[in-house]
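Shown next, in structure tokens, is the structure this report addresses.
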Amino acid sequence: MATRKKAKQARPAAKKATVKKTAAALPAPSKLPYGKAGKALDGVRILDLSHVQAGPTCTQILGWFGADVIKVERPGIGDITRGQLRDVPNADSLYFTMLNHNKRSITLDTKHPKGKAVLERLIKHCDVLVENFGPGVLDRMGLTWDYIHKLNPRMIVASIKGFGPGPFEDCKVYENIAQCAGGAASTTGFRDGPPLVTGAQIGDSGTGLLLGFGIVTALYQRTKTGRGQRINVAMQDGVLNLCRVKMRDQQRLKHGPLKEYGQFGEGVPFGDSVPRAGNDSGGGQPGWILKCKGWETDPDAYIYFITQAPIWEKVCDVIGKPEWKTDKDYATPPARLPRLKHIFATIEQWTMTKTKYEVMEICNPVDIPVGPILSMKELAEEQSLRKTGTMVEVDHPTRGKYLTVGNPIKLSDSISEVKRSPLLGEHTKEILGKVLGYSEKEVTEILQSGATSAPLKSKAAA
């Protein structure tokens, strides 16, 4: 009896110990002002073997949040985008600079014995390896998952490929191919025209952002398991993820026509696949892009106008059609469906008398959803975007000042700072010595061995 009593008394004490242990897992709240306690990913080191757009998009946003991103580049050449679409002679292109902020660059010939040794040392010193090589390239370099994991069991290996396992997994993929294979192109454009790709880089940059989310998730899990893992994001999968409303409609189509699509109101029959819907709203609310004042000479003098049921009466008042509020052909959403083309043509007669900004000023106070078609020029000059850090002016040593897109994700306690992209190999010596711990003599030997510089033949060709 006494033994049982002691055991019962011991149980509450054990519970308290568990609570204390859980509380101790998190540090005490910082007393520093918000934005002054460091960045979210301080202490995380990224080995960036990626190139062009998808991988660099991922590593750049991790760098914005404080990760130390070490970009490994080919000696004498670097990331191929350094020289693509150049607008300033003998300077890194905007294609490169706008995708590689907040990184350090080391040049490395990974086929050279010393270069390979440096790469392996980097693997041991980094938390995450990011790559978007073609299928099988990493394995052919000898960097299989098993080998990397043997060098560094805590290493997270994050990869972007065009396709996942399946009939196309060995195919190379670029932005527009991803948009086509992921379902975006088949559902973009007008139904009597060809499929279209979008100007938004949903294949490359979109997939890169998804990979970044996967990396942060894996880093969090590592705090519990102590080990790294593989992350694979296929560009086809990434695009399809962004096209989920069209996959929704594909399933709805089996049960009847898609009534919010303009072609329903026009009596055009549906096929067995989701059609291109022009500028119809994907959210079930009728919407269309309409001309505004000045459209004859300004290709962006347009506005997107949505006619939601709750604000229909306000729409009628604004466009000067109060009689539509009680007319049986216009008063209800079902009655309006076969007349949407006429309704939007009528609304357009009104919007053509106003600039897109005047339409915004009239409609927003009465909760009518409208949005101006903003050109790249207008966005570049919008001061509010400069103030929030969405658009940032950066100074570069060889090309001067340029405008770039900043971090779209705003954290109150991890303030992003957009730093210029690195010159080719700019941090090679610094990384060898300060990061990898090579002695001054060893650094000199590596630099003189040719492991970090281009062969003479390549220099002459460049």
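The values are calculated or read from the model by the stated rules, or taken from the named source; none is laboratory data. Worth saying up front: this structure is predicted, and the values here are computed from it rather than measured. Neighbour counts are summed over all protein chains in view; Cβ atoms, including those assigned to glycine, are modelled from backbone coordinates with ideal geometry.
Couple of notes before you dig in:
- Out of Tyr357, Tyr402, sole residue that is outside any loop (DSSP other than H, G, I, E, B), in contact (Cβ under 8 Å) with a residue 60 or more places away in the chain and not polar (S, T, N, Q): Tyr402
- Selection count where residues are touching a residue at least 12 places away in the same chain (Cβ under 8 Å), part of a helix (DSSP H, G or I) and of a type outside the set (A, V, I, L, M, F, W, C), scope region 230-249: 6
One line per residue, one yes/no per condition, for (1) surrounded by 22 or more Cβ atoms within 10 Å (Cβ to Cβ); (2) closer than 11 Å to Gly203 by Cα; (3) free of Cβ contacts under 8 Å to residues at least 12 places away in the same chain:
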| position | (1), (2), (3) |
| --- | --- |
| Leu151 | no, no, no |
| Val157 | yes, no, no |
| Gly162 | yes, yes, no |
| Glu169 | no, no, no |
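- A Cβ distance below 6 Å, combined with a sequence gap of six or more or placement on separate chains, defines the contacts here; from region 376-396, residues that are within 18 Å of Ile409 (Cβ to Cβ) and touching a residue at least 40 places away in the same chain (Cβ under 8 Å) reach no residue that is of a type in the set (A, V, I, L, M) and assigned to a loop (DSSP other than H, G, I, E, B).
- Cβ-Cβ contacts under 8 Å between residues 6 or more apart (or on different chains), taken from a first residue in region 71-85 that is within 20 Å of Cys58 (Cα to Cα) and at pLDDT 95 or above to a second residue that is among the β-branched types (Val, Ile, Thr) and surrounded by fewer than 22 Cβ atoms within 10 Å (Cβ to Cβ), are listed as Val72/Thr110; Asp79/Val52; Ile80/Val52; Thr81/Val52.
- Any hit, region 280-297, residues being free of Cβ contacts under 8 Å to residues at least 12 places away in the same chain and not assigned by TED's automatic domain parsing to the domain that holds Asp146: yes
- Under the condition of being surrounded by fewer than 18 Cβ atoms within 10 Å (Cβ to Cβ) and aliphatic (A, V, I, L, M), the residues counted in region 198-207 number 1.
- Residue that is surrounded by the fewest Cβ atoms within 10 Å (Cβ to Cβ) [pool: residues in region 93-109 that are over 20 Å from the mean Cα position of the chain (by Cα) and part of a strand (DSSP E or B)]: Arg104
- Some residue of region 54-64 being in a loop (DSSP other than H, G, I, E, B) and either at pLDDT below 95 or at negative phi (or both): no
- For region 405-450, residues that are assigned to a loop (DSSP other than H, G, I, E, B), more than 31 Å from the chain's Cα centre (by Cα) and surrounded by 13 or more Cβ atoms within 10 Å (Cβ to Cβ) total 2.
- Val128 falls short on exactly one of the conditions (1) touching a Ser or Thr at 6+ places or on another chain (Cβ under 7 Å); (2) under 18 Å from Ala67 (Cα atoms), and that condition is (1).
Here's the yes/no breakdown for (1) closer than 18 Å to Met247 by Cβ; (2) at pLDDT below 95; (3) among the aliphatic types (A, V, I, L, M):
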site	(1), (2), (3)
Lys150	no, no, no
Ile156	no, no, yes
Tyr174	no, yes, no
Ala185	yes, no, yes
Ile202	yes, no, yes
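- Checked against (1) under 26 Å from Ser375 (Cβ atoms); (2) surrounded by fewer than 16 Cβ atoms within 10 Å (Cβ to Cβ), Arg252 meets all criteria but (1).
Rundown of residues vs (1) on the phi < 0 side of the Ramachandran plot; (2) in contact with a Cys (Cβ under 8 Å, 6 or more places away or on another chain), yes/no style:
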site: Trp324; (1), (2): yes, yes
site: Asp329; (1), (2): yes, no
site: Ile362; (1), (2): yes, no
site: Asp367; (1), (2): no, no
site: Val392; (1), (2): yes, no
site: Asp395; (1), (2): yes, no
site: Tyr402; (1), (2): yes, no
site: Ile409; (1), (2): yes, no
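- Taken over region 171-195, the criterion of being without any contact (Cβ under 8 Å) to a residue 40 or more places away in the chain, among the hydrophobic types (A, V, I, L, M, F, W, C), surrounded by fewer than 20 Cβ atoms within 10 Å (Cβ to Cβ) and under 28 Å from Gly278 (Cα atoms) is satisfied by Cys180 alone.
- Extreme residue, surrounded by the most Cβ atoms within 10 Å (Cβ to Cβ), among residues of region 306-357 that are among the basic types (Lys, Arg) and at pLDDT 95 or above: Lys356
- Set Leu411, Leu436: member being assigned by TED's automatic domain parsing to the domain that holds Ile77, of a type outside the set (Val, Ile, Thr) and within 30 Å of Val118 (Cα to Cα): Leu436
- Under the condition of being over 19 Å from the mean Cα position of the chain (by Cα) and either surrounded by 15 or more Cβ atoms within 10 Å (Cβ to Cβ) or of a type outside the set (D, E, K, R) (or both), the residues counted in region 381-404 number 10.
- Per the listing Lys259, Lys293, the residue uniquely touching a helix residue (DSSP H, G or I) at 6+ places or on another chain (Cβ under 8 Å), assigned to a loop (DSSP other than H, G, I, E, B) and within 17 Å of Ile347 (Cβ to Cβ) is Lys293.
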